[in-house]
1. Report, by residue number, each residue of segment 15-64 that is part of a strand (DSSP E or B), touching a Leu at 6+ places or on another chain (Cβ under 8 Å) and either loosely packed, with under 11 Cβ neighbours inside 10 Å or not aliphatic (A, V, I, L, M) (or both).
2. (1) surrounded by 11 or more Cβ atoms within 10 Å (Cβ to Cβ); (2) at pLDDT 85 or above: which one isn't true of THR121, the others all being true?
3. Are there any pairs, at least 6 apart or on different chains, whose C-beta atoms fall under 6 Å, with the first in segment 15-33 and touching a residue at least 24 places away in the same chain (Cβ under 8 Å) and the second exposed (fewer than 12 other Cβ atoms within 10 Å of the Cβ) and of a type in the set (Ser, Thr, Tyr), and if so, which?
4. Out of segment 4-14, which residues are among the hydroxyl-bearing types (Ser, Thr, Tyr) and assigned to a loop (DSSP other than H, G, I, E, B)?
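The values are calculated or read from the model by the stated rules, or taken from the named source; none is laboratory data. As the structure is a computational prediction, the values presented were derived from the model and not from experiment. Counting neighbours? That spans all protein chains shown, and the Cβs are built from the backbone with ideal geometry, glycine included.
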Amino acid sequence: MRLTDEKSGIHDEPHTISMNEPLTHREFTFYQSSYNRHRDPRTMEEDGQFQSVFQVATDPGRRVKYAGCVLVVLGAFVQFYMRAGLFSDGGKRERERIEARVRKRAGMNSAALGSGVEVVTESEETL
């Protein structure tokens, strides 16, 4: 195929378009959609020539698709590789709640010591 584009200053530039090698020029992409042996319509015998059928496509939303892919990759990075403390307090509130429970139960333990009954907290059970 020979490409001519006066705006770009291209005159009869040769290009080969095959199944896995399309030609992209400006916003258009030229694909080879099929390849056949040419037959003489009268005799239905192959005459040694070949016929290519081309498809011309344009994709104005290509940039939007690539931007979406980049957002998905960035989202996966944030999801799996950032530490949890970046978007929360890093478990500070949970530690404060546990410490408050331990202090409360420790106060109950000191009152229970006089009665001979010992109160065991969850944190002491796990240790």
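1. Across segment 15-64, the qualifying residues are HIS25, THR29, PHE30.
2. (2)
3. GLU27/THR58; PHE28/THR58
4. Within segment 4-14, SER8 is the sole residue that qualifies.
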